[in-house]
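> Sharing a structure below in structure tokens format, with a few things to ask.
Computed from the coordinates by the stated procedures, all read-outs in this text should not be read as laboratory data. In this text, all values refer to a predicted model and were calculated from it rather than measured experimentally. Using ideal geometry, Cβ is built from the backbone for each residue, glycine included, and neighbour counts are taken over all protein chains shown.
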Amino acid sequence: MPKSARKSSFTSKKQRRLARAERRKNYQWVFIHGKQVKIKRPPTIEGMDVDEFILRNADPIFLQQNEMWEYLELNKE
């Protein structure tokens, strides 16, 4: 008669659940060439894409220093 499987303890179940949540936070599943693959999530700041965050919150000096001239709004006065 085969040995019965040992039940997982509460702590090991909790560790596994936390590890799964961490992986979901860092990776996402997408389809590439008809196959499902796991890729790293793009970085975000406060839930926004990094580029969008910079465009919303950057001052003209920052944009000038980082050569983002196309995003500068010129005052036509």
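> V50 is checked against (1) among the aliphatic types (A, V, I, L, M); (2) surrounded by 10 or more Cβ atoms within 10 Å (Cβ to Cβ); (3) out of contact with any Pro (no Cβ under 6 Å at 6 or more places or on another chain) and fails just one. What number does that condition carry?
(3)
> Condition (residue is exposed (fewer than 10 other Cβ atoms within 10 Å of the Cβ) and in a helix (DSSP H, G or I)) applied to segment 6-15: is it met by at least one residue?
Among the residues of segment 6-15, at least one is exposed (fewer than 10 other Cβ atoms within 10 Å of the Cβ) and in a helix (DSSP H, G or I), which makes the answer yes.
> Let me ask another. Do we find that Q28 is part of a strand (DSSP E or B) and either among the acidic types (D, E) or surrounded by 11 or more Cβ atoms within 10 Å (Cβ to Cβ) (or both) in this structure?
Considered against the rule, which asks whether it is part of a strand (DSSP E or B) and either among the acidic types (D, E) or surrounded by 11 or more Cβ atoms within 10 Å (Cβ to Cβ) (or both), Q28 comes out as yes.
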